[in-house]
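Engineer: The structure follows.
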Amino acid sequence: MAIREVRTLGDDILRKKSRSVDKIDDKVRELLDDMAQTMYEDEGIGISAVQVGILKRIIVVDVGDGLYKMINPEIIEKDGEEVDVEGCLSVPDFNATVKRPKHIKVKYKDENGDEKILEAYDLKARCICHEIDHLDGILFVDKYIQEVRYNKK
Ligand code: ZN
């Protein structure tokens with residue numbers, strides 16, 4: 001396992017769309033382990049592969065109830081609304097409120113290639129949505145700016 005360098009705001013890679021993973025092999029499993037180690041080292045609760053410079057649809061999440069390694073995650077259900085504060089390892093020393101679904105169902109493949117469906121609420125739902133946004137080149141600050149603009153109208 002190794003700690004990888006975290007890309008930060010201003011790095012073009014954070015704006016790119018990540019590609020689906022076809023083959024779940026040892027290289028992918030090593031990336032998942034490295035991502036987890038990098039996340040814990042930086043005291044984060046989630047990280048996406050693009051944040052360590054790899055454009056693959058892979059995220060890792062641990063909000064305190066265990067580590068989830070998700071490959072090709074996809075939100076298949078969402079409801080409710082909740083506004084809360086977020087931060088991001090790629091946007092150091094900045095926090096802002098963002099509106100997210102209160103409850104989601106996410107479909108993904110685990111590190112063995114088995115398909116899973118996870119139900120998540122509140123912080124866990126928020127964190128998974130935040131990480132999946134990264135896979136589409138979206139940062140939480142974009143949502144924050146949109147909401148501030150919208151509320152001013
Ligand atoms: Zn982030």
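Every number here is computed from the coordinates shown, using simple stated rules; none is lab data. These numbers were taken from a predicted model, which means no experiment stands behind them. Quick reminder, even Gly has a Cβ in these numbers, built from the backbone with ideal geometry, and neighbours come from all protein chains shown.
Engineer: Any chance you could count how many residues in the range 119-147 are more than 15 Å from the chain's Cα centre (by Cα) and either assigned to a loop (DSSP other than H, G, I, E, B) or not aromatic (Phe, Trp, Tyr) (or both)?
Structural biologist: Qualifying residue count for the region: 4.
Engineer: If you check Ile59, Ile76, which single one turns out to be outside any helix (DSSP H, G or I) and within 15 Å of the chain's Cα centre (by Cα)? So that I can check it myself, show each step before the final result.
Structural biologist: Numbers: Ile76 fails: within 15 Å of the chain's Cα centre (by Cα).
Exactly one residue qualifies, and that residue is Ile59.
Engineer: Suppose the filter is in contact (Cβ under 8 Å) with a residue 24 or more places away in the chain and within 16 Å of the ligand (Cβ to nearest atom); does Lys107 pass it?
Structural biologist: Working: in contact (Cβ under 8 Å) with a residue 24 or more places away in the chain: yes; within 16 Å of the ligand (Cβ to nearest atom): no.
So Lys107 fails the test.
Engineer: A further question follows. If the Cβ limit is 8 Å and pairs must be 6+ apart or interchain, which residue in the range 39-66 that is away from the ligand (no atom under 12 Å from the Cβ) pairs with which residue that is among the β-branched types (Val, Ile, Thr) and in a loop (DSSP other than H, G, I, E, B)?
Structural biologist: Glu41/Ile3; Lys56/Val21; Arg57/Val21; Ile58/Val21; Asp62/Ile45; Val63/Ile45; Gly64/Ile45
Engineer: Suppose we filter the range 80-96 for residues that are loosely packed, with under 15 Cβ neighbours inside 10 Å and within 16 Å of the ligand (Cβ to nearest atom); how many remain? So that I can check it myself, show each step before the final result.
Structural biologist: Step one: list which residues in the range 80-96 are loosely packed, with under 15 Cβ neighbours inside 10 Å, which gives 80-81, 83-85, 92-95.
Cutting the leftovers down to within 16 Å of the ligand (Cβ to nearest atom) gives us 84-85, 92-95.
The number of residues fulfilling the criteria is 6.
Engineer: Restricting attention to the range 112-153, and to residues there that are under 18 Å from Val28 (Cα atoms) and surrounded by fewer than 17 Cβ atoms within 10 Å (Cβ to Cβ), which single residue is nearest to the ligand (Cβ to nearest atom)?
Structural biologist: Restricting to residues being under 18 Å from Val28 (Cα atoms) and surrounded by fewer than 17 Cβ atoms within 10 Å (Cβ to Cβ), the top hit is Lys116.
Engineer: Same structure, new question: For Ile76, indicate whether it is more than 18 Å from Lys143 (Cα to Cα) and within 16 Å of the ligand (Cβ to nearest atom). Working first, answer last.
Structural biologist: Numbers: more than 18 Å from Lys143 (Cα to Cα): yes; within 16 Å of the ligand (Cβ to nearest atom): no.
Answer is no for this residue.
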